[in-house]
Structure formats: C-alpha cells, structure tokens
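Report on one structure; see the data block that follows.
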C-alpha cells in the first residue's frame with residue numbers, strides 16, 4: 001500500500017535518535033511513495049516530530065538510514081541537507097515562521113530567488129502559488145497583519161513554490177481553530193494532489209490525519225502495527241503483562 | 001430522532017406532496033439513512049390524525065393523483081416547542097466499543113482468549129478509514145453545505161471515540177491489574 005511495490009521516494013530504516021538520555025526514536029521505519037500523503041500520528045513524546053525531522057534532514061539520526069531518491073540523507077553534510085531543504089523538500093511548522101520584515105509576496109519569492117530565479121520570475125511564480133492557496137489578496141501584507149490560517153497558507157505556498165517533491169508539515173494546524181485548520185488542510189491536499197507532491201504530516205489530531213492517504217502511528221519511538229514491526233511494538237506500552245501479549249498470539 | 005418533527009419542519013416551507021418531502025429530507029440529511037416513501041406516508045397520516053397537518057388539495061399533472069399536505073396551527077406550535085426543547089445529555093454510558101473493551105479485558109484477565117489491545121487497534125483503524133472517507137467527501141470541490149454539516153457531525157463523533165480508544169489503550173495494563181487484584 002505504501003509504495004505500490006515500487007521503490008519508495010523516501011524511506012527511513014530502523015532509525016534511532018536520543019536527546020541526552022531521552023530516546024525519541026527506537027527503531028522506527030517508514031516509507032513514503034511518490035505523491036503519497038502520509039500522516040505520522042501519536043501521543044506527545046511518541047517520536048513523531050523527531051521522525052519527521054530525520055526524514056526532512058533537519059536532524060541526523062544516531063543510527064539507521066534515511067534514503068531519498070537513492071541518496072543517503074543521514075550521511076549528507078549540513079550544506080547538502082540545507083540545499084535539499086531549499087530545493088526538493090519544503091518544510092512547514094506549527095507557526096508559519098515567515099520573515100516579518102518582508103511582504104507576503106517576498107516571503108514566498110525568497111526561496112525561488114535563492115534557487116537562482118530572477119525577481120520578476122520569482123514574483124510571478126509566488127503570485128501563482130499564493131492564488132492557489134487563496135492568499136492573493138494578501139500579497140502586499142506583512143506577516144504580522146495575517147490571521148494564523150492565512151499565515152499558514154502563505155507558508156505552504158512558500159514550501160511548494162520551489163517545486164518541492166515532498167512537503168514536511170509538523171503540526172501545521174496545531175495553532176488554528178477547526179475552520180482555519182480545515183481550509184489550510186484542504187488547500188494543502190488539493191495543491192499536493194494537483195502537483196503530485198508527496199506530504200509527510202505530523203499531527204496528534206485524527207481529524208487532520210484523516211486528510212492523508214495513510215496513517216503511521218508512533219508509540220515509544222516505534223511504529224505501531226507496521227508490517228514486520230507489529231510483534232515488537234504492538235502492545236509494548238499497552239501492557240507489560242504476559243496475559244495481553246500471550247492472548248495476542250492466540251488471536252492471530 | 002423524530003421523523004414526525006422533521007416532516008413537520010419540512011412542511012413549514014409550504015404545502016408539499018409526500019414525494020417532495022422525501023426528496024427534500026434526503027437533500028438536507030445526505031448522510032442519514034434515506035427516508036422510505038412508505039415512512040413519509042405513514043408519518044403524514046399520523047400528523048393528520050393528531051391534527052398537526054391537513055390535506056391541502058390534490059394535484060394530477062397528467063400523472064397519478066397526489067395529495068398535498070400542509071401544517072396546521074397546532075402543528076406549528078408543536079414544531080416550535082420541539083425546536084426549543086433541550087435534548088438531555090445522555091444519562092447512561094452505553095456504547096458497543098466501550099462494552100467490548102471492558103468485557104475483553106475481563107475475559108483476558110480470566111485467562112480466556114481475548115485481546116482488548118488488538119481489538120482497539122483494529123477498531124481504531126476502521127474509525128480512521130471512515131474518517132478518511134468522510135474527509136474526502138466533505139472536501140471534494142463543489143460539495144454542498146448539507147453534506148459538509150453532516151460529515152462534520154460524523155467526523156467529530158468518530159474523533160471522540162478515537163480519542164477515548166487512544167486513552168484507553170494507555171490504561172489497559174492498569175485496568176488488567178485492577179481486575180487481577182480485585
């Protein structure tokens with residue numbers, strides 16, 4: 001289901017990551033197919049954000065491999081990963097993190113200029129993306145003048161404008177009310193479908209996860225119920241008692 | 001759920017035939033079970049019997065003769081009263097998922113074959129699948145607001161179940177322990 005039998009666009013294999021003594025990832029594996037919208041869900045501290053950060057090349061795992069388009073993201077230098085995030089990956093966080101001094105149009109144009117586009121081309125393309133996200137009315141506004149939902153749609157336009165093949169969104173609706181969340185998610189999903197962009201979405205909200213094609217649930221740094229992983233992680237935190245795991249065998 | 005009040009409400013827009021009432025019901029409540037024509041007919045008969053609606057006339061339009069109904073004043077009063085009445089929040093907690101988890105935990109604690117954790121995982125997956133369907137339905141371009149409202153209602157209730165299932169999955173070990181030490 002995840003890759004339709006082909007090579008995944010992005011794959012994490014057996015990732016481990018600790019922050020000090022806290023183990024955020026303990027052997028998490030996940031695959032993302034071309035154009036797939038994947039939700040990573042789980043409780044606070046389950047490792048979902050850390051997994052996204054490893055996939056997006058924001059942090060480097062302690063162990064395991066992240067393979068994007070046959071390249072080892074986990075072995076790239078900081079410069080290489082930074083280039084990847086400017087060109088082929090788009091990243092959106094809970095708060096839009098737009099540059100306050102720049103207009104909306106310039107915010108979206110910036111990654112295009114960094115990638116070498118001329119100013120008129122960058123503006124034209126940024127305008128197209130802002131229109132797609134219903135934010136054309138705010139091109140001359142500064143980020144401070146936007147509502148949370150508007151700012152988030154501008155951040156999504158910025159993430160997609162470079163022609164990114166994968167957008168990583170970490171709790172993109174976490175600071176929005178339900179209607180603004182709905183508008184933001186609908187805009188993201190429609191844009192991703194139209195352009196064939198894959199999306200990795202981290203959320204603790206099932207209603208947001210329901211926009212994705214597939215859900216991967218994390219618990220204690222591992223994937224719940226994934227093929228080959230079920231015996232390891234399935235009932236690990238549910239019950240340490242022998243009775244629960246024993247009856248699981250019987251049921252299968 | 002009161003079909004009679006819904007039909008009375010649909011009649012408030014003006015006199016209608018049974019067929020029009022059914023059609024408008026299905027339009028306004030798109031994810032509900034469609035109202036059977038027979039049910040509309042019996043509901044109208046009862047409304048007439050109770051003096052809440054009356055026959056307004058008949059139309060033929062070249063086809064079979066159709067009876068037109070309208071609400072009476074008494075019907076309008078009854079409708080207004082129903083619309084203003086508070087629905088009491090459910091006094092009892094009864095739900096099949098809840099019952100299965102409790103019973104599965106009891107059965108598992110007694111050493112018989114039952115796996116509440118696996119049940120919760122599978123039930124959760126089924127809920128997520130339905131939530132994906134409803135989300136796709138409500139966000140499809142050109143979806144009418146009646147469908148959006150009804151999908152929202154269903155999504156929020158599924159989400160509530162799902163949150164309960166997540167919390168309960170985290171409490172199963174403690175629940176099993178409590179049963180074992182009781």
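Derivation of every value follows stated rules applied to the coordinates shown; laboratory data play no part. For clarity, every value in this text was computed on a predicted model and none was experimentally measured. For neighbour counting, all protein chains shown are included, and Cβ atoms are generated from backbone atoms with ideal geometry for every residue, glycine included.
Dividing the summed helix terms, -39500 (n - 2.57) for each DSSP H run of n ≥ 4, by the number of residues in chain A produces a 222 nm estimate of -11000 deg cm²/dmol to the nearest 500.
Diffusion of segment A:22-109 by Stokes-Einstein, at 4 °C in a medium of 1.567 mPa s and with Rh set to the Kirkwood radius over alpha-carbon pairs, works out to 87 µm²/s. Annotation: the residues B:167, A:87, sorted from fewest to most other C-beta atoms within 10 Å of their own C-beta, follow the order B:167, A:87. Global size of segment A:151-223: 12.2, 35 Å for Rg and Dmax (C-alpha atoms, Rg to one decimal, Dmax whole). Per the Debye formula on identical point scatterers at the alpha carbon atoms of the protein assembly as shown, with no solvent, log10 I(q)/I(0) at q = 0.12, 0.14 Å⁻¹ is -1.04, -1.21. Each Cα pair of chain A feeds into the Kirkwood radius, which the Stokes-Einstein equation turns, at 37 °C and 0.692 mPa s, into a diffusion coefficient of 174 µm²/s. Where the alpha-carbon atoms of chain B are placed on the principal axes, they occupy 72, 40, 29 Å, in descending order.
For the segment B:110-117, counting C-beta atoms of other chains within 10 Å of every residue's C-beta and taking the mean gives 6. Other protein chain C-beta atoms within 10 Å of residue C-beta, averaged over B:123-136: 4. Express the relative contact order of segment A:1-95 as a whole percentage, based on alpha carbon pairs under 8 Å and six or more residues apart in sequence. Reported relative contact order: 28 percent.
Counting neighbouring Cβ atoms within 10 Å and putting the fewest first, the residues B:164, A:129 line up as B:164, A:129. Relative contact order of chain A, taken over Cα pairs closer than 8 Å and 6 or more residues apart, is 26 percent. Packing-based ranking of B:66-74, B:30-38, A:151-159 yields A:151-159, B:66-74, B:30-38, ordered from highest to lowest mean Cβ neighbour count within 10 Å. Against the compact-protein benchmark of 2.2 N^0.38 Å, the Cα-based radius of gyration of segment A:116-173 scales to 1.13. Once the Cα atoms are used to define both axes, helix A:104-114 deviates from the longest principal axis of chain A by about 80 degrees. In terms of other Cβ atoms within 10 Å, B:97, A:37, B:86, A:166 run from fewest to most in the order B:86, B:97, A:37, A:166. Measure nothing but the geometry: give the 0 to 90° angle between the long axis through the Cα atoms of A:242-251 and the longest principal axis through the Cα atoms of chain A, rounded to 10°. Helix A:242-251 sits roughly 80 degrees off the main axis of chain A. Solvent-free Debye calculation, one equal scatterer per alpha-carbon of segment B:3-84: log10 I(q)/I(0) at 0.26 Å⁻¹ equals -1.33. Comparing B:122, B:96, B:78 in a Gaussian network model of chain B (Cα springs below 10 Å), the most mobile by mean-square fluctuation is B:96. Compute the separation of the alpha-carbon centres of segment B:22-70 and segment A:49-117 and state it in Å as a whole number. Centre-to-centre (Cα) distance: 60 Å. Quarter the surface of the alpha carbon convex hull of segment B:96-181 and you get the mean projected area, 5.8 square nanometres. Between helix A:78-87 and chain A, what is the angle of the helix's C-alpha long axis to the longest principal axis, kept within 0 to 90° and rounded to the nearest 10? Result, in degrees: 60.
Mean per-residue shielding of peptide A:18-27 is 0, counting Cβ atoms of other chains within 10 Å of each Cβ. In chain B, the DSSP-assigned H stretches of four residues or longer account for a calculated mean residue ellipticity at 222 nm of -22000 deg cm²/dmol, using -39500 (n - 2.57) per stretch and the full residue count as denominator.
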